[in-house]
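Some notes on the structure that comes next.
Derivation of every value follows stated rules applied to the coordinates shown; laboratory data play no part. These numbers come from a predicted model, not from an experiment. Methodologically, a virtual Cβ is constructed for each residue, glycine included, from the backbone with ideal geometry; neighbour enumeration extends over all protein chains shown.
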Amino acid sequence: MHKHHSALGLASLNRPVQPVTLLRPHAAQRAARFFVEKFPGKPMYAVKANPTPELLEILWDSGITHYDVASIAEVRLLARTLPDATLCFMHPVKAEEAIEEAYFTHGVRTFSLDTLDELEKIVRATKGATDLNLCVRIRVSSDHSKLSLASKFGAEPDEMKALLMATRQAADALGICFHVGSQAMTPAAYGEAMERVRQAIVEAAVTVDIVDVGGGFPSTYPGMEPPPLETYFEVIHKAFESLPISYSAELWCEPGRALCAEYASVLVRVEKRRGDELYINDGAYGALFDAAHVGWRFPVKLVREDASDTRDMAFSFYGPTCDDLDHMTGPFMLPADVQAGDYIEIGMLGAYGCAMRTAFNGFGSDLKVIVEDEPMASLYLAQEERPAASNVVKL
Ligand SMILES: *Cc1c(COP(=O)(O)O)cnc(C)c1O
C-alpha cells in the first residue's frame with residue numbers, strides 16, 4: 001500500500017479522481033493499546049464497526065485477542081484472518097446452521113441470547129455441548145447514546161429470572177451482557193445498566209461468571225465531545241466490583257467505534273459548488289451513511305497547497321449518486337472560497353463509515369493509502385498533542 005505523510009501530499013502529487021481512504025495504523029494501534037492497558041477487564045473488538053483484514057491484524061498485534069462477531073461470514077473472516085483469535089458470537093438471533101458451523105468448525109464457545117427459543121437453538125445446534133459460555137442479553141436504556149440499540153434486542157427485566165435460570169443449566173459459564181447504544185455520551189449509561197444487571201442477578205439468585213458491558217464507548221466528533229474514556233472505565237469497574245457475582249467472574253467489553261473511528265478518513269474532491277452546497281465524490285451510499293441518515297457531523301478540512309485566507313462558512317454536501325437522499329446536511333465548516341477541483345478530508349470515518357460503503361450507481365472506490373499524520377480528532381492524544389485544526393470548527 002502507498003504511503004504519504006498526509007492528505008495534502010497525496011492530493012498535490014496524485015490529484016485522485018476517486019475518493020481515497022486514508023488509513024492511520026498508528027491511531028488504531030494507540031486505541032487498542034489504551035483498551036488493553038486501561039480497561040479493567042477483557043476488551044473484545046466488535047468486528048462490524050470495520051472488518052478490514054488490515055485493521056484486524058493491527059488490533060491483534062496490539063493485544064486484542066477476543067472478537068465479537070455477529071454473522072457466520074464474520075466468523076469465517078476472523079477464522080481466516082486471525083486463526084488464533086477467540087471469537088464470541090454475540091448476535092442474540094442466529095441461524096441454527098450458523099451456530100453449528102461456528103461451534104464445530106471454528107471452535108466458537110461463546111454465544112449470546114435473549115430468549116428461551118434461542119437457548120434451545122444453541123443447545124440443539126451444539127448437540128448439547130457442555131463447554132459453552134452463554135451470555136444473556138438484558139435490555140437497557142439507550143437514553144445517553146446517539147444511536148439507540150434499545151428496541152431490537154434484549155430480554156425485559158421481568159423475563160430475566162426464568163432465562164438466567166434456564167441458561168445456567170445449559171452453560172459452563174453464565175454471562176450477562178447488554179449494549180447501552182452507540183456513542184454513549186456519559187459514563188452514567190453504564191452505571192445505570194449495571195444497576196439492572198444487579199437486580200437481575202439478585203432476583204434470579206444464580207451464579208454469574210461473566211459481565212459483558214458491550215460497546216457504546218464514544219469517539220469524538222464536532223459537537224459530540226465526550227468525557228475521557230478513563231471515566232467510563234472507572235464507573236464500570238466500580239459497578240462491577242460491587243455486583244453479587246463469583247469472585248472469579250470476568251468483566252468484558254465490546255468496543256467497536258472507539259477502537260477504529262480514528263483509523264480512517266476519506267479524501268474527497270469537490271466536483272461542483274452551488275452556493276453553500278458542495279457536490280463531492282463520496283456520500284450517503286459511500287462512507288457518509290451516518291452523515292446523511294442520522295445527521296452525524298464529521299470533522300472536515302480543506303486540503304489545498306496554499307491555505308485559504310477566507311473565513312469559514314457552513315456548507316452542506318451532495319454525494320455523487322443521482323438520488324436526492326444522497327445529501328449530508330452538516331453543517332460542515334470550510335473556507336468560503338472552496339470550489340470545484342478542491343480536495344476535502346473528512347475525518348473519523350474508520351468506524352461504520354468505511355464499513356457501510358456500497359457501489360450504488362457505479363460510485364464507490366477501494367483506493368487506500370496509509371498516512372502518518374494524526375487523525376483530525378482524537379480521544380487518545382493529550383490535549384496539547386492534538387493536531388491544530390483551525391478549520392475544524394465546533395458548533
Ligand atoms: C455494534 C455492537 C457493538 C459495538 O458497538 P459500538 O457502539 O461501535 O462500540 C458491540 N456489541 C454488539 C452486540 C453490537 O451489536
Checklist entry - Each label point is 7 Å from the Cα along the Cα-to-Cβ direction; what then is the distance between the points at Ser246 and Phe104, in nm? => result 2.8 nm
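Hey, could you grab the Kirkwood Rh for the chain? Inverse mean 1/r over distinct alpha carbon pairs, Å, one decimal. Working shown, then result.
Numbers: mean 1/r = 0.0455 Å⁻¹.
This gives a value of 22.0 Å.
Taking 0.36 nm per residue of separation and subtracting the Cα-Cα distance, what length does fully extending Glu37 through Ala95 add? Could you put the intermediate results ahead of the total?
Values: separation 58, 0.36 × 58 = 20.88 nm, distance 3.54 nm.
Gain in length upon complete extension: 17.3 nm.
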Checklist entry - For Arg257, what is the net charge nearby, where nearby means another residue's Cβ is under 11 Å from its Cβ and Lys, Arg count +1, Asp, Glu -1? => result -1
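Provide the convex hull volume over Cα atoms per residue for the stretch 123-188, in Å³.
Details: hull volume 7.1 nm³, N = 66.
Taking the convex hull of the Cα positions in the stretch 123-188, it is 107 Å³ per residue.
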Next on the checklist: Checking the cross-link filter: which lysines have an alpha carbon closer than 19 Å to that of Lys42, excluding same-chain neighbours under 8 positions apart?
Outcome noted: Lys238
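Write down Rg/Rh for the stretch 228-332, rounded to two decimals, with Rg from the C-alpha atoms and Rh from the Kirkwood relation over Cα pairs. Each step should come with its number before you reach the end.
On the way: Rg = 20.6 Å, Rh = 17.2 Å.
With Rg and the Kirkwood Rh in hand, the quotient comes to 1.20.
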Item to check | Range of Cα positions in the stretch 156-234 per principal axis (Å), largest first | outcome: 47, 23, 19
Checklist outcome for this item: In degrees rounded to 10, the 0-90 angle between helix 25-38 Cα long axis and the longest Cα principal axis of the chain is 30 degrees
Item to check | Sorted by Cβ neighbour density within 10 Å, fewest at the top, the residues Thr86, Thr105, Thr126 | outcome: Thr105, Thr86, Thr126
Item to check | Nearest-ten-degree value, helix 160-170 long axis tilted from longest Cα axis of the chain | outcome: 70 degrees
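Rounded, prolate or oblate for the stretch 216-256? Axes are the square roots of the Cα gyration tensor eigenvalues, ordered a ≥ b ≥ c, and the cut-off for rounded is a/c under 1.5. Can you show the working numbers first?
Numbers: a/c = 4.55, a/b = 2.45, b/c = 1.86.
Prolate is the answer for the stretch 216-256, as a/c is 1.5 or above and a/b outweighs b/c.
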Next on the checklist: With bins 5 Å wide starting at 0, give me the P(r) of the stretch 25-260 over every alpha carbon pair, in whole percents.
Outcome noted: 1, 7, 15, 19, 21, 17, 12, 5, 1, 0, 0
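Which value, in debye to the nearest 20, gives the size of the charge dipole of the stretch 25-260 about its Cα centre, when Lys and Arg are +1 and Asp and Glu are -1 at the Cβ?
Numbers: 22 positive and 32 negative charges, 43 e Å.
Using only the charged Cβ atoms, the result is roughly 200 debye.
Give me Tyr279, Tyr45, Tyr247, Tyr285 ranked fewest to most by other Cβ atoms within 10 Å of their Cβ, as a rough exposure proxy. Provide the component values of the computation, followed by the final result.
On the way: Tyr279 17, Tyr45 31, Tyr247 4, Tyr285 22.
Ascending number of Cβ neighbours within 10 Å: Tyr247, Tyr279, Tyr285, Tyr45.
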Item to check | 0 to 90° range, to nearest 10: angle between helix 229-241 axis and the chain longest Cα axis | outcome: 10 degrees
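Could you list Phe217, Phe39, Phe332 in order of exposure, starting from the residue whose Cβ has the fewest other Cβ atoms within 10 Å?
Working: Phe217 32, Phe39 21, Phe332 26.
Listing Phe217, Phe39, Phe332 from fewest to most nearby Cβ atoms yields Phe39, Phe332, Phe217.
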Checklist entry - Are there cysteines in the chain with no other Cys C-beta under 4.7 Å, and if so, which? => result Cys88, Cys253, Cys260, Cys322, Cys354
Checklist outcome for this item: Computed over the stretch 1-158, the Cα gyration tensor eigenvalues, each multiplied by 5 and square-rooted, give semi-axes in Å (largest first) of 35, 19, 16
Item to check | For the stretch 176-214 and the stretch 326-354, distance of Cα centres in Å | outcome: 37 Å
Checklist entry - What range in the chain is the longest one free of GluC sites (Glu not before Pro) that are in a loop by DSSP and have at most 15 other Cβ atoms within 10 angstrom? => result 1-304
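At 0.36 nm per residue, and after removing the present C-alpha to C-alpha distance, how many nm does the segment from Asp276 to Thr207 gain when stretched out fully?
Details: separation 69, 0.36 × 69 = 24.84 nm, distance 5.96 nm.
So the chain would gain 18.9 nm between Asp276 and Thr207.
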Item to check | For the chain, the longest site-free run once trypsin sites (Lys or Arg not before Pro) in DSSP loop states with at most 10 other Cβ atoms within 10 Å are removed | outcome: 128-310
Checklist entry - What distance in nm separates the simple spin-label points at Ser6 and Cys322, each placed 7 Å from Cα in the Cβ direction? => result 4.0 nm
Checklist entry - In whole angstrom, how far apart do the alpha carbon centroids of the stretch 229-266 and the stretch 289-305 sit? => result 28 Å
